[in-house]
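Scroll down for the structure; my scribbles are underneath it.
Just so you know, all these numbers are worked out from the coordinates, no wet-lab data involved. Owing to the predicted nature of the structure, the values given are computational and were not obtained by experimental measurement. Because the Cβ atoms are built from the backbone with ideal geometry, glycine has one as well, and the counts that use them run over all protein chains shown.
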Amino acid sequence: MCSTPSSGRGSQATRLELSAAHFRALFARDIGVPMGRYVLWRRLLHALARIGPVDLTTAAHAAGFADLAHFSRTCRRMLGYAPTALWSRVASGHSEHS
């Protein structure tokens, strides 16, 4: 859909000749989650994929988070773990099912 996690949703609706509200409604109906939540998930995954080669702050900024605190809060709220805890678990090879 969009090449970057923070690409403008209004531009997508305009390109498709839909109102922004109609585009959001169709997106939620067809994808199954509200567009805002989808975009936040994509940003979160974008940041998490960059942890390791770059530090947390750089990963957060690259994904469009305003700062590390915003990224950390979002990660805890959506995944139940702080980004540092997730990275520690992945780096050490632990999983919930071990």
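Below are the figures for this structure:
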| read-out | value |
| --- | --- |
| Leading residue at positive end of dipole, region 34-92 (Cβ point charges), from Leu48, Pro34, Leu79 | Pro34 |
| Restricting region 4-93 to chymotrypsin sites (Phe, Trp or Tyr not before Pro) in coil, as DSSP defines it, with at most 16 other Cβ within 10 Å | Tyr81 |
| Simple spin-label estimate for Leu45 and Val90 in nanometres, 7 Å along Cα-Cβ | 1.3 nm |
| Extension gain, Thr57 back to Arg24 (0.36 nm per residue minus Cα-Cα distance, nm) | 8.9 nm |
| Förster radius 35 Å - calculated FRET efficiency between Arg73 and Glu17 (Cβ-Cβ, nearest 0.05) | 0.45 |
